[in-house]
Amino acid sequence: MGLMNWEWRGRFDIGPSDQGLGGRSTTRGMAALLASVAAVALLTPPASAQQAAEPTAEQQAAEPTAEQQAAQSQKAEEAKPAPAGATLLDKILVLSRTGETAIESLASASHVDQIQLDRRMATTPNEMLLGVPGVAAQADARRVSTSINIRGLQDFGRVAVIVDGARQNFQRSDHGTQSTFYIDPELVKSVDVIRGPVANTYGSGAIGGVVFFDTKDAEDFLKPDETWAGSVTGRYESNGKGWTTSASGAYRFNENWDALGNIVYRNYDDYKDGGGDTVKGTGFDVLSGLLKTTIRPTDNSELKLGWVGSSDGWSEISRGVPVNDVDLKSNTFTARYNVTDEDKSWLDLHINSSYNKTNLDLTSLVPQNRFDPVTGLPVVLPTGSTSTFDVGTTSIDIWNTSRFETASVAHELTYGGDWVGDNVKTGGTAGGDSFYTPSGKRNVSGAYVQDKLTWDWLEVIAGLRYDNYSLKDDTHETSGDRVSPRITVGVSPFESAGLAGLQFYGTYAEGYRSPSLTETLISGNHPAGVSFPFLPNPNLRPETGKTTEFGVNYKQNDILEAGDALRLKAAYFNNNVDDYIEGVTLSPFDPTSGCPFGPGIPICFQYQNFAKAKINGFEMEGVYDAAWGYAGLSASIINGHTISYEGDRADLATIPSSQVTAQLGLRFLEDKLTVGGEVQYNGKPKGNAVAKDYTLVNAFASYQATDNLNVDFRADNLFDVKYANPLNGSTTVAVYEPGVTLKLAATMRFGG
């Protein structure tokens, strides 16, 4: 619930004026200059001293065996030469704490790698996650802030979004997105997704699942014989006349120490939807950066220190008039340490610590008619009134995996603990905006143990997690704890050539999410449009997700021709979320509601527990890869509703579209040229007022012109379909997504 339906216009200013180093004209010029440098590289002849182009995603390392996983580190697995018959589902999941690939995981897991991201030419996290089953993203007009939805669950920590090990917990109450994060796709090298509460070793609250964004490392740029390397990318998008420029530099001090820097600038005007209408307030300017260094004290240890940040500015628009100037700064600091013994048996220790700070400041540009947050009476906010939203999240995560055998059973025993602390400070003179994202502190901690047992054709994963939370402000305090189990059984019953790669599994897992500060402590009166009270609810109970899942994995090589590969994952799931928390409208005419009469309309808003939310669905993800190219198909069908304690049933507003995504890529010119496309069908969720069925068609081409130059082209929404994201049904005005968008990029690399 929020202040009003904001539209906005992006703006980023380096300095106080448009002269010299400060202002839009200079930054736009920088964008054009960097793009021109990349374009000039089209005329650069190949450098014979450089190595050949990187292999495609489908040609990289195949899945390791269980014995290899136990004996070698994840880094060594990823560095193996590329045998035939490898696909994206064979890539080791960064998110996995036992070195699994997606196809080996007894869970609904997906991996998106660097080459996939490059092909998608993503501007937003939503585009990075294209075709990942069961995953959707909600973004308002800004597009640079995103909330991720997994299996119909989102916001307030139901999906754990992690960047290099750092939890992203920023939240600002509004009519659209609630819990948002900020990461530029240009800084990301891979995305891992685990759907459902089976990911309970990755922190508390993730009853929907986990999304892990892993940013780029110096090793991603440096070739084995290089001391330094750099790259420059320039990209133009037709819809919104958008420019993206990126510059990266990596340096190897010695074989045990390297560093990377990356800076990205984006400048976009308002885009047009599929009907040809300009969607006001959708332009933005954002500057993002990344610094990372990796130190290897010994052959069996590694320390990564990193910073990821972004600076953004825009104007929020109401009825076509800019009303607020917005300044956003987000900074994430991380430290990750890993040490193992020689054969990675008893010692595989990880220590991750992080601090994320997001500051959002509002300054009113015009006098605004509002309602006093305490009395509910009309007031006028003068120009220059401010509101501030500062959210700091500190976390530490420690775990170890011990690998050993008892009799003929192999064990991977993982045990550890984690703590996350949120410190929210809101304030200012704007008379109410900050009341709806209340100040306070929340601490969430947990400990867990999980054993993965493997014997011949049988695999069993058994785990327990203990969670504890506390939250408070100046007048309220609440806490709670719980133990959550997980049990998974997988069988590979066949030995014949055609069925040897077939595996079945079943899972029961529980997850525990504590109430957020906003859900518990929100108070004051609605600030604009109409006045009515928000009521705090310190008696909120935590949510408990209870998921049953049945799935199948299948992998087979050399099916139609030598070196080809087929990979398939499919699952049915049923998730019952007990004590589900959702906003409800109360009537002051009901003496038991606790809703008082006051100025404005006779209602109140409060977050309350429901008896449960029931969500079920089907997901599948498959890919066939051969020398000529690849073909992929993914699908997800999700249904969900809430049931109150009185037995009343209602559609769940966060259910995304059902989707079917088909992908096809063809390779030519000794794999230097890849062309292909994607077709995605989206089916309207039940009970959604803004959703419609629609189909999107995209096309792409990627050409490795020389060892140092790559050119990419992409056409999104090729048939100019006008559509709205169904997750934006809670907003007061439907925000239509971009129409046809043509993208052209060139990347020039150099090193020595």
**Asked** Using unit Cβ charges (K, R positive; D, E negative) and no other charged atoms, how large, in debye to the nearest 20, is the dipole of segment 684-752 about its Cα centre?
**Response** 240
**Request:** Report M121's accessible area, 1.4 Å probe, all protein chains in place, as a number in Å² to the nearest 10.
**Result:** 10
**Item:** Ranked packing of 738-744, 87-93, most packed first, by mean Cβ within 10 Å
**Value:** 87-93, 738-744
**Asked** How about segment 299-381: which GluC sites (Glu not before Pro) there are in a DSSP loop, with at most 13 other Cβ atoms within 10 Å of their Cβ?
**Response** E342
**Asked** To the nearest 10 square angstrom, how much accessible area does Y607 have with a 1.4 angstrom probe?
**Response** 20
**Fill in**
The alpha-carbon center of segment 586-638 and that of segment 208-283 are separated, in whole Å, by 32
**Asked** List the lysines whose alpha-carbon lies under 18 Å from that of K441, not counting same-chain residues fewer than 8 positions away?
**Response** K357, K425, K472
**Message:** For segment 667-721, report the % of Cα-Cα distances exceeding 18 Å.
**Reply:** 51
**Request:** Take segment 609-752, compute every pairwise Cα distance, and split them into 5 Å bins from 0; I just need the percent in each bin.
**Result:** 2, 9, 13, 14, 15, 13, 11, 8, 7, 4, 3, 1, 1, 0, 0
**Complete:** Ranked output for segments 496-502, 230-236 by mean other Cβ atoms within 10 Å, highest leading, reads 230-236, 496-502
**Asked** Rg and Dmax of segment 602-655 over Cα atoms: what are they, in angstrom?
**Response** 19.6, 67
**Message:** Let me cross-check H526: its accessible surface, 1.4 Å probe, with only protein heavy atoms counted, in Å² to the nearest 10?
**Reply:** 10
**Asked** What relative contact order, as a whole-number percentage, does segment 279-374 give when Cα pairs under 8 Å and 6 or more residues apart are counted?
**Response** 24
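The values are calculated or read from the model by the stated rules, or taken from the named source; none is laboratory data. Note that the structure is a prediction, hence the values are computed from the model and not measured. Note that each Cβ is placed from the backbone with ideal geometry, even for glycine, and that neighbours are counted across all protein chains shown. Accessible surface areas use protein heavy atoms only, side chains included; no ligands, DNA or RNA. Shrake-Rupley method; radii C 1.70, N 1.55, O 1.52, S 1.80 Å.
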